[in-house]
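**Q** I have a structure here, written as structure tokens, and I will follow up with some questions on it.
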């Protein structure tokens, strides 16, 4: 497995990069200065657990050009920001009409649209880990749209797959553009 780097931004869009170990409850294990990003292996995976952070990195491309230009591999933890939310019955059953899923989907769309044409991202993992069982009926549309958009904007090779929901993995991956055979 490649080194994983958690990317967050503050309210002003200033990035923080930290070593990330998902097996350690997602707790970052050390800071990385943005000045040393050029020395990081292209095999490193940049992890985004919040769509606002992803969008901020690309919307502020001049400020964060050094970071965005080195991203080849991304892990997008799609449902992380609602992990502790009290979902409505509709949301648990896969619908988007609710106070949590609908805004989350909108935020991921906005973040995806911020990724510029000609980006160098080659590999995306859509991480659908979630602490409880929920239907992902509408999430599959989001994955389809995001993978299509990223593939069309890519400067070259682009591939993606899902993790975190083994039970529905094949169904979820049927919608992806640029599907890579899973590493599971």
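Readers should treat all values here as calculations from the given coordinates under stated rules, not as data from a laboratory. In this text, all values refer to a predicted model and were calculated from it rather than measured experimentally. When we count neighbours, we look across all protein chains shown, and the Cβ atoms used for this are built from the backbone with ideal geometry, even at glycine.
**Q** Fewest to most neighbouring Cβ within 10 Å: what's the order for 58, 126?
**A** 58, 126
**Q** What translational D, rounded to a whole number of µm²/s, comes out for the range 97-136 from Stokes-Einstein when the hydrodynamic radius is the Kirkwood one over Cα pairs, at 37 °C and 0.692 mPa s?
**A** Details: Rh = 12.6 Å.
Value of D from the Cα-based Kirkwood radius: 261 µm²/s.
**Q** Helix 139-153 sits at what angle to the longest principal axis of the chain, using alpha carbons and giving 0 to 90 degrees rounded to 10?
**A** Its long axis makes an angle of about 30 degrees.
**Q** Please report the antiparallel percentage of DSSP beta bridges with both residues in the chain, rounded to the nearest 5.
**A** 30
**Q** Something else about it: With labels modelled as points extended 7 Å from the Cα through the Cβ direction, what inter-label distance (nm, one decimal) is found for residue 93 paired with residue 157?
**A** It works out to 4.5 nm between the two label points.
**Q** Ok, one more. Taking the Cα centre of each part, how many Å lie between the range 64-94 and the range 113-184?
**A** Computed from Cα coordinates, the inter-centre distance equals 11 Å.
**Q** Now for a different question. How high is the FRET efficiency from residue 14 to residue 40, r the C-beta distance, R0 22 Å, rounded to 0.05?
**A** 0.75
**Q** Residue separation times 0.36 nm, minus the C-alpha to C-alpha distance between residue 137 and residue 27: what's the value? Mind showing how you got there, number by number?
**A** On the way: separation 110, 0.36 × 110 = 39.60 nm, distance 2.96 nm.
Length gained, residue 137 through residue 27: 36.6 nm.
**Q** Can you tell me the relative contact order of the range 4-173? Whole percent, Cα pairs under 8 Å, sequence separation 6 or more.
**A** 19
**Q** Can I ask one more? For helix 101-114, report the angle its Cα long axis makes with the longest principal axis of the Cα atoms of the chain; keep it between 0 and 90° and round to the nearest 10°.
**A** Roughly 30 degrees between the two axes.
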